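Coordinate-derived values only; no laboratory data. Note that the structure is predicted; figures quoted are calculated from it, not measured. Here the Cβ positions follow ideal geometry from the backbone for every residue, glycine too, while neighbour counts run over all protein chains shown.
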DNA sequence: GTCTATAAGGTGATAGAC
DNA sequence: GTCTATCACCTTATAGAC
């Protein structure tokens, strides 16, 4: 289980995700990736069978990590605490990868949709968002949850023009995301006679960063 | 100024934006567009000089409409009312075009970035978001404003899985967007001693749809 | 305005030497 | 593991007839 490999595979992945995020998947040619690594195109084919396989390999552990969050959330009571923890965990997962990865996911959705691994990703995000609200929650509620996930993972490149550190931007995304899931009503209807309403008043500090 | 043309140009645009949004710009070939219209590739080149020109033409009046909102907002006092009106107007602009257009903008950002018209678009959105907060607003505040614009224009395809009409989804996006710009603090610091604080307590009805 | 025919170029991918 | 050389394919775009 040691690093017995030369690490070329990982270098290919790192360069690829960077170029895919910046210029898009289709416009990034294997020639371009190879040139950046000072190898030839053919060398890439020793490590990956196809161009698409590079993308698939990129998202393998992201998907696994999201699945872990989903599994955890499914076993928890649907409380405010749980929703906040889902946001925090997803924020950690997003932060623990190259920034360009979430950027690729967010800014090349049309491409990823064609790639089948994109469908898998999309399904996970859908399910993850589903853990943040009741199944029959109203549209605005469901939208709020999807946007909370976006906020906690996409802040650094949504605030690209802003002069601040990535840390500050991630913190801002987390702050907003927590606010979004906290103002959410738990059930499908207005939260006025539900027993869950006991959780609805103990928050409102930001816990940013 | 009448419709003296055969309308082929408009048909090309309509088909193109649909395919670009669904499969992405690069993966949509001119052959594919032509086939859908039962013409040949060469016919497209009578109406547009290049493939990129089709995209440019697509966004011409969207950009013009956004500019109008920016111009209007610039002349207004930076009040809550103004911010809400910006959201409403942008929501109208987004609704008044094919749904696939905003989808293309949101889901093919990497591609559009390479297309130069994408840079123009992006600059407009940046400026429009800037009208929703003070120049030195904290990161979370700026993020909230960007996300409000996203919410009001992207709800129908962000809620793709949801079983509801587009009208309901647009309404949900508007509701959330208004909430986001309403909970925003006006200045760069906490709103406690600013004179603008008089506007900060007359809202909190949703005015959805 | 639309067609047929074709040019020019880049792409993903493979074969086989080292 | 990486190379050279090559392939088949598809693309955008153009020329010129009708």
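Annotations
- In the range A:2-34, the residues that are away from chain B (no Cβ under 14 Å) and within 10 Å of DNA strand C (Cβ to nearest atom): A:30, A:31, A:33, A:34
- Failed criterion for residue A:137 (all others in (1) surrounded by 18 or more Cβ atoms within 10 Å (Cβ to Cβ); (2) without any contact (Cβ under 8 Å) to a residue 12 or more places away in the chain; (3) in a loop (DSSP other than H, G, I, E, B) hold): (2)
- Residue that is surrounded by the most Cβ atoms within 10 Å (Cβ to Cβ), among those in the range B:99-132 that are farther than 21 Å from residue A:110 by Cβ and within 11 Å of chain A (Cβ to nearest Cβ): B:129
- Meets criteria (away from DNA strand D (no atom under 13 Å from the Cβ), touching a residue at least 12 places away in the same chain (Cβ under 8 Å) and either under 30 Å from residue B:25 (Cα atoms) or in a helix (DSSP H, G or I) (or both)) for residue A:9: no
- Check on residue B:150, touching a helix residue (DSSP H, G or I) at 6+ places or on another chain (Cβ under 6 Å), crowded, with 17+ Cβ neighbours inside 10 Å and either more than 9 Å from chain A (Cβ to nearest Cβ) or within 17 Å of residue A:157 (Cα to Cα) (or both): no
- Residue match in the range B:44-66 (condition: within 12 Å of DNA strand C (Cβ to nearest atom) and surrounded by fewer than 16 Cβ atoms within 10 Å (Cβ to Cβ)): yes
- Every residue from the range A:93-115 that is in contact (Cβ under 8 Å) with a residue 60 or more places away in the chain and over 14 Å from the mean Cα position of the chain (by Cα): A:111, A:115
- Among the residues listed as B:73, B:34, B:43, the single one being away from DNA strand D (no atom under 16 Å from the Cβ), part of a helix (DSSP H, G or I) and out of contact with any strand residue (DSSP E or B) (no Cβ under 7 Å at 6 or more places or on another chain): B:73
- Residue in the range A:21-31 that is within 12 Å of DNA strand D (Cβ to nearest atom), assigned to a helix (DSSP H, G or I) and surrounded by fewer than 18 Cβ atoms within 10 Å (Cβ to Cβ) present: yes
- Residue that is nearest to the other protein chains (Cβ to nearest Cβ) [pool: residues in the range B:78-92 that are within 13 Å of the chain's Cα centre (by Cα) and surrounded by fewer than 19 Cβ atoms within 10 Å (Cβ to Cβ)]: B:88
Per-residue answers, yes or no, for (1) within 21 Å of residue B:110 (Cβ to Cβ); (2) within 14 Å of chain A (Cβ to nearest Cβ); (3) not in a loop (DSSP other than H, G, I, E, B):
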{"site": "B:49", "(1), (2), (3)": "no, no, no"}
{"site": "B:62", "(1), (2), (3)": "yes, no, yes"}
{"site": "B:65", "(1), (2), (3)": "no, no, yes"}
{"site": "B:68", "(1), (2), (3)": "no, no, yes"}
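- Complete set of residues in the range B:158-171 that are at the interface with chain A (Cβ under 9 Å from one of its Cβ atoms) and outside any loop (DSSP other than H, G, I, E, B): B:158, B:168, B:169, B:171
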